[in-house]
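Accompanying notes for the structure given below.
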Amino acid sequence: MKPFSFLSFGKKSRRKKTAKNRRWLTKRKFLLVASLVVLLLAALYIIYLDFTVRTRFEGRRFALPARVYARPLELYAGLKLAPSELVAELALLGYREATSPREPGSYQWRNQQVELVTRPFTYGDGPQESSSLRVSFAGDRVTALQGRADNAAIELLRLDPALIGGIYPGNNEDRVLVRLDEVPQLLVDALIAVEDVRFYSHRGIDPRGIARALVMTVSGKSVQGGSTLTQQLVKNFFLSSERTVRRKLNEMVMALLLEVHYSKEEILETYLNEVYLGQDGNRAIHGFGLASSFFFDKPLMQIDLTEAALLVGMLKGPTYYSPRRHPKRALGRRNLVLGEMAEARFITDQQLLAGRITPLGVVDRPPRGISPYPAFLSLVHRQLRRDYRDEDLRSEGLQIFTTLDPWVQRSAEKALSQQLKRLEQGRGIAADSLQGALLMTDVQNGEVQAVVGGRDPRFEGFNRALDAQRPIGSLIKPVVFLTALQQPQSYTLATLLDDSPLLLQQPGTDDWQPQNYDKKFHGPVPLHTALAHSYNVSTARLGLQLGVPSVLDNLGRLGVDRQLPGYAASLLGADTFSPLEVAQFYQTLASGGFRTPLRAIREVLTFAGQPLQRYPLKVEQVVDAPSNYLLTVALQEVVQQGTARGLHRYLPAELNLAGKTGTTDEFRDSWFAGFSGDRLGVVWVGRDDNQPAGLTGASGAMTVWAKMMVGLDLEPLILPIPDSIEHVWIESKSGLRSAAGCPDAVELPFVTGSAPTESASCGPGSKGNPIKSWFERIFK
Amino acid sequence: MIALRRIIPLLLVLMLVGCTVVQPTRPRPVASSSSAVVALLDRAHSQNAAGELEQAGASLERALRIEPHNALLWQELARVRLDLGLYRQAESLAAKSNRFAAGNRTLQGENWRIIGQARSGLGDYRGAQAAFDRAEQE
C-alpha cells in the first residue's frame with residue numbers, strides 16, 4: 001500500500017521548500033519500507049527454513065533399511081538337530097563361548113549338553129525374554145530343554161533369528177541406530193574435543209571457532225571448517241555439499257534454528273547416527289552404531305578409548321583415514337585425537353601414553369552387511385514388492401521374518417558348487433563352464449528354505465533360480481500322467497500305453513516324430529513303467545489322446561500362472577520354466593495335491609516391533625487325493641527302479657523318495673525335481689550360453705540334489721493311503737489281474753473299482769514264482 | 001501345571017468328540033506326544049478364546065512345522081480359518097486334515113462337518129449337504 005501513497009503525494013506538492021523536506025521524508029519512508037520488505041522476506045525465508053528444519057528433523061530422520069531375518073531356530077524336546085547344527089547356528093548368531101555363560105548371547109558345551117543364555121527378541125507374537133537354559137542331546141536329537149535355575153522343563157523356545165541382509169535405501173545408506181545413553185562417554189568426549197569444544201555452550205554457531213578458522217585459513221595454515229557439530233549436522237541433513245556463501249549462510253541460520261527447537265542431546269544423538277564413516281562395496285556405512293560393528297565387530301557400547309578415538313578421527317575423511325586401507329595414516333590421526341582429548345582434560349597423560357601404543361584393533365573382515373544369501377534375498381524382495389512400495393521397504397526400518405533355513409541353505413550351496421566342479425573334472429567338461437540353480441522347500445507348508453542362484457552363491461547378479469527360463473524336458477511328464485490318472489475309468493497305473501513309432505502331421509507345422517532316449521521303441525508298456533523310464537513316445541501319444549490343452553490346464557491348476565502356447569512338443573517339456581516355477585508345481589504334487597503358494601516370508605514387523613502383516617499358510621486342494629496318490633507312487637518307482645535309481649548310491653532306499661529327471665535336446669539342460677516326506681528340491685544344471693552341457697538329468701542335476709539331501713537327515717516319504725484306494729496284483733505285460741507269486745506280477749494301487757476285472761492265465765489261486773516287488777517294500 | 005496343560009487339549013478333544021457320537025471303542029485322538037505341540041495347541045486355544053484368531057493361526061502353523069502330519073492340527077487351523085470367514089481355506093485345510101486322518105473316523109467326521117460349514121458359507125448348499133451326509137457316515 002505504501003508505494004501508492006508515495007505516488008499520490010507528489011501531486012499535492014505546492015511549495016519547493018516543503019517539497020525538499022518532503023522528498024527527504026519520502027526517501028526515508030522508502031528506505032523504511034524497503035527495509036521492512038526485506039525484513040519481511042527474510043522473516044518469511046527464516047520461517048521457511050524453520051519449517052524445513054522442523055519437519056525434516058521431526059519426521060523420518062533416517063532412512064532405515066528393512067532388516068531381513070532367517071527363520072528362528074525352534075528348540076524343543078524331540079527336535080531332530082545334530083549338535084554340530086546347533087553349533088553352526090550359534091556361530092551364525094554370534095553367540096560367544098563362555099565358561100559359565102551368563103550374558104545373553106553366550107553358551108558352553110559340556111558333554112552332551114549346551115548351557116545357553118538366549119538374547120531377548122521381539123517376534124510377531126510378542127517379545128520373548130532372555131532365558132538361561134540347558135539343552136540335552138542324545139545323538140542327533142534334542143532330548144530335553146531345562147531352565148538352568150530351576151531345572152524345570154521348557155516346552156519350546158526360539159533362538160533369536162540370524163540377520164541375513166537388508167533392503168537398503170536408494171543411496172545404499174546403512175546404519176544401526178543408537179540412543180545417546182548407549183554411546184560411551186569417551187566417544188562423546190573425543191568428538192567434542194576434536195570437532196566442537198564449545199558444543200555445550202554455543203547456540204548453533206560458534207563465532208570464536210569461525211574467527212579461529214578464518215585466521216588459520218588466511219594465514220594459509222589449513223582450510224578449517226570452524227563448523228559446529230550442529231552446523232555439520234545441518235549440512236549433512238539438509239544441504240548439498242557445494243561451497244558457496246549462500247549455502248554457508250543457510251547452514252548458519254538453520255543451525256541456530258535447530259538449537260532453538262531441540263536440546264543438545266537430541267542434536268548430538270542425531271549427529272552420531274547420521275555421519276558417514278566408511279564404505280563397504282556400494283553400501284555406505286552411516287552412524288557410529290554401524291561403524292563400530294563394521295570396524296570392530298562389536299556393539300558401540302563396548303568400544304574402548306582408542307577405538308572411540310579412531311572412529312572420531314575418521315570423520316575428517318573416512319576414505320583417506322580408512323584404517324583398513326591406510327592403517328598408518330589412521331593411526332596417526334587417532335593419536336592426534338587422543339592428544340586433543342588429553343589437552344581438553346578428558347583423559348589423563350597416562351591414558352594418552354598407553355593409548356598411543358595400542359594397535360588399531362580393527363577386524364580384518366567386516367561382518368557381512370550385504371547379504372550372504374543374495375538369491376534368497378531377491379526372492380524375498382520380489383515377494384515384498386507385491387505388498388509394499390519400494391521406498392517404504394528401503395526406508396521404514398521394517399523387520400522381515402523369512403523362511404530361510406541357514407543350515408539347509410549352506411548344504412545346498414555346498415552341494416551345487418562342489419558337485420559342478422566334480423562333474424567338470426570327472427567328465428572332462430571345461431572348468432567353470434557349468435552353471436546351476438536350486439530351490440528347497442518344505443513339502444507341507446510351501447516355505448522356501450534355500451535358494452541358490454548360481455555356483456557362486458555370493459554373486460549378486462543373475463539369479464538363475466528365479467530368472468533362468470529353460471526347457472524342462474521330462475519334468476513335465478508327471479502332469480501328463482496325472483491328467484490321465486484323473487480319469488480312473490480310462491487310465492490306471494496298469495494301463496498299457498503304446499510306445500511304437502509316432503508321427504504327428506499337422507497343417508502349418510513341421511512333422512513331429514518324438515524319439516525315446518535310447519532310440520528304441522518299447523511297444524505296449526504299462527503306464528507306470530513309461531513314467532519310470534521316461535519314455536517319450538508313449539508319453540507324447542498319451543498326451544495327444546488327453547489333449548494338449550487339458551494337460552496345460554492341469555499345469556495351471558498345479559501352480560503355473562501363465563498362458564502357454566500349447567504345442568504338441570509341450571508334452572515333452574519344450575516350454576521354458578524357471579526353477580521357481582517348477583518348484584511351485586512340484587510342491588502341489590508333493591503336498592498331496594494341495595496347492596500351497598511358495599512363501600519366503602512369514603511376517604513383517606514395523607521398526608518398533610509391531611506386527612504389520614502376516615503371510616499365513618494357504619492351501620487349496622487342486623488334485624483329488626486318489627489321483628495324486630497314484631502319481632506319487634509312480635514317482636517313487638522312478639527312484640526305485642527308473643531313471644533316478646542312481647539316487648540309491650547316495651541315499652537309502654528306505655526313504656521312498658519320489659522324483660523325476662529331465663534332460664533336454666543335446667543335453668543342454670539337466671533337471672531333477674524330487675521330494676522326501678519333509679523336503680522338496682528342484683535342481684537345474686546347464687550352461688549360461690545354452691550350449692550342450694553333456695549331462696542327463698540323472699548324471700547332472702540329480703547328483704547335486706543327492707549331495708544336498710545327504711546332510712539333511714530326510715524324513716522318509718510315507719504316503720497316507722486314501723480311503724478309495726485298493727491294491728491289486730497285475731500281470732505287467734498284459735495289464736490283467738494276477739495274483740501274488742505269479743510271474744511278472746506287481747501289486748499296484750487303484751482307485752477302487754478301476755482295476756481290470758479280466759484275469760491273466762496265472763490268476764488268483766494259482767502258484768507261480770514269487771517275485772519280490774518294490775511295491776511290497778513300500779506297502780508292507 | 002504341566003499336567004493341566006496336557007489335560008486342556010485332551011478336554012477340548014473330548015468336547016469335540018462329544019459333538020458327534022461318542023464311541024468308546026474307538027481310539028481317542030491324542031493331540032500329540034510332543035509337549036511343544038501341546039503347548040502351542042494350548043496357546044492357540046487361548047488366543048482363539050481371546051478372539052485373536054490370526055495369532056491362533058500363527059501358533060497352529062508353528063505347531064505344524066513341528067508335526068506336519070498331525071491331522072488334528074490341520075483341523076484346528078481349518079476351524080480358525082472358518083471362524084475368520086475364509087471358507088475356501090477352511091474347506092481345503094479340512095481336506096488336508098482328512099489326508100492325514102486315515103482310520104480316524106472321528107476326526108474325519110469333524111472335517112466333513114467343517115467342509116459342510118465352509119460350503120454353506122460359500123453358498124454351495126448342495127455341496128454342504130453332501131459334506132454333512134458324509135460326516136454322518138464317518
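The values are calculated or read from the model by the stated rules, or taken from the named source; none is laboratory data. Note that the structure is a prediction, hence the values are computed from the model and not measured. As a convention, Cβ positions derive from the backbone with ideal geometry for all residues, glycine included, and neighbour counts pool all protein chains shown.
So the values come out like this:
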{"quantity": "Candidates A:Asp405, A:Asp392, A:Asp442, filtered to the one that is modelled with pLDDT under 95 and of a type in the set (D, E, K, R)", "calculated": "A:Asp392"}
{"quantity": "Verdict on A:Val683 being assigned by TED's automatic domain parsing to the domain that holds A:Ile429, closer than 20 Å to A:Gln515 by Cα and crowded, with 24+ Cβ neighbours inside 10 Å", "calculated": "no"}
{"quantity": "Hits in segment B:44-61 (condition: surrounded by fewer than 22 Cβ atoms within 10 Å (Cβ to Cβ), in a helix (DSSP H, G or I) and more than 7 Å from every other protein chain (Cβ to nearest Cβ))", "calculated": "B:His45, B:Ser46, B:Gln47, B:Asn48, B:Ala49, B:Leu53"}
{"quantity": "Qualifying residues in segment B:105-127 (those that are of a type in the set (D, E, K, R) and either buried (at least 22 other Cβ atoms within 10 Å of the Cβ) or within 29 Å of A:Ile718 (Cα to Cα) (or both)) - the one nearest to the other protein chains (Cβ to nearest Cβ)", "calculated": "B:Arg105"}
{"quantity": "Residues that are assigned to a helix (DSSP H, G or I), more than 25 Å from A:Val448 (Cα to Cα) and touching a His at 6+ places or on another chain (Cβ under 8 Å), drawn from segment A:632-684", "calculated": "A:Ala634, A:Glu637"}
{"quantity": "Candidate set: segment A:586-617, residues that are basic (Lys, Arg) and in contact (Cβ under 8 Å) with a residue 40 or more places away in the chain; chosen: the one farthest from the other protein chains (Cβ to nearest Cβ)", "calculated": "A:Arg599"}
{"quantity": "Scope segment A:95-114; condition in contact (Cβ under 8 Å) with a residue 12 or more places away in the chain and under 19 Å from A:Asp160 (Cβ atoms); matching residues", "calculated": "A:Tyr95, A:Glu97, A:Pro101, A:Arg102, A:Glu103, A:Pro104, A:Gly105, A:Tyr107, A:Val114"}
{"quantity": "Residue identified as modelled with pLDDT of 95 or more, under 15 Å from the mean Cα position of the chain (by Cα) and either of a type outside the set (A, V, I, L, M) or part of a helix (DSSP H, G or I) (or both) among B:Arg88, B:Arg126, B:Arg81", "calculated": "B:Arg81"}
{"quantity": "From A:Val452, A:Val362, residue being away from chain B (no Cβ under 14 Å), within 30 Å of A:Asp304 (Cβ to Cβ), of a type in the set (A, V, I, L, M) and in contact with a helix residue (DSSP H, G or I) (Cβ under 6 Å, 6 or more places away or on another chain)", "calculated": "A:Val362"}
{"quantity": "Failed criterion for A:Asp713 (all others in (1) at pLDDT below 95; (2) not in a loop (DSSP other than H, G, I, E, B) hold)", "calculated": "(2)"}
{"quantity": "Selection within segment A:221-241 - over 38 Å from the mean Cα position of the chain (by Cα), modelled with pLDDT under 75 and either outside the structural domain of A:Phe199 (by TED's automatic domain parsing) or not β-branched (Val, Ile, Thr) (or both)", "calculated": "A:Lys221, A:Ser222, A:Gln224, A:Gly225, A:Gly226"}
{"quantity": "Among the residues listed as A:Ser490, A:Ser474, the single one being out of contact with any Leu (no Cβ under 6 Å at 6 or more places or on another chain), modelled with pLDDT of 95 or more, under 30 Å from A:Arg410 (Cα atoms) and not in a strand (DSSP E or B)", "calculated": "A:Ser474"}
{"quantity": "Residue match in segment B:97-104 (condition: buried (at least 24 other Cβ atoms within 10 Å of the Cβ), in a helix (DSSP H, G or I) and within 11 Å of the chain's Cα centre (by Cα))", "calculated": "yes"}
{"quantity": "Residues being surrounded by fewer than 22 Cβ atoms within 10 Å (Cβ to Cβ) and either of a type in the set (D, E, K, R) or more than 26 Å from the chain's Cα centre (by Cα) (or both) - total across segment A:700-716", "calculated": "4"}
{"quantity": "Those strands (runs of 3 or more DSSP E) lying entirely in segment A:141-221 with at least 3 residues surrounded by fewer than 18 Cβ atoms within 10 Å (Cβ to Cβ)", "calculated": "A:141-147"}
{"quantity": "Some residue of segment A:77-92 being crowded, with 20+ Cβ neighbours inside 10 Å, part of a loop (DSSP other than H, G, I, E, B), within 14 Å of another protein chain (Cβ to nearest Cβ) and modelled with pLDDT of 90 or more", "calculated": "yes"}
{"quantity": "All helices (runs of 4 or more DSSP H) inside segment A:325-441 with 2 or more residues being small (Gly, Ala, Ser)", "calculated": "A:327-343, A:349-356, A:374-385, A:406-427"}
{"quantity": "Residues of segment A:493-515 satisfying the condition of being surrounded by fewer than 18 Cβ atoms within 10 Å (Cβ to Cβ) and in a loop (DSSP other than H, G, I, E, B)", "calculated": "A:Ser500, A:Pro501, A:Leu503, A:Gln505, A:Gln506, A:Pro507, A:Gly508, A:Thr509, A:Asp510, A:Asp511, A:Gln513, A:Gln515"}
{"quantity": "Some residue of segment B:76-89 being of a type in the set (Val, Ile, Thr), farther than 28 Å from A:Arg158 by Cβ and more than 9 Å from every other protein chain (Cβ to nearest Cβ)", "calculated": "no"}
{"quantity": "Criterion: among the aromatic types (Phe, Trp, Tyr) and buried (at least 17 other Cβ atoms within 10 Å of the Cβ) - qualifying residue of A:Tyr567, A:Tyr615", "calculated": "A:Tyr615"}
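Rundown of residues vs (1) more than 30 Å from A:Ser732 (Cα to Cα); (2) among the acidic types (Asp, Glu), yes/no style:
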residue: A:Ile400; (1), (2): yes, no
residue: A:Gly436; (1), (2): yes, no
residue: A:Asp442; (1), (2): yes, yes
residue: A:Pro471; (1), (2): yes, no
residue: A:Leu482; (1), (2): no, no
residue: A:Thr492; (1), (2): no, no
residue: A:Leu502; (1), (2): no, no
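Rundown of residues vs (1) without any contact (Cβ under 8 Å) to a residue 24 or more places away in the chain; (2) buried (at least 24 other Cβ atoms within 10 Å of the Cβ); (3) outside the structural domain of A:Arg614 (by TED's automatic domain parsing), yes/no style:
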position: A:Asp405; (1), (2), (3): no, no, yes
position: A:Ile429; (1), (2), (3): no, no, no
position: A:Asp432; (1), (2), (3): yes, no, no
position: A:Gln435; (1), (2), (3): no, no, no
position: A:Thr441; (1), (2), (3): no, yes, no
position: A:Gln449; (1), (2), (3): no, yes, no
position: A:Val452; (1), (2), (3): no, yes, no
position: A:Arg455; (1), (2), (3): no, no, no
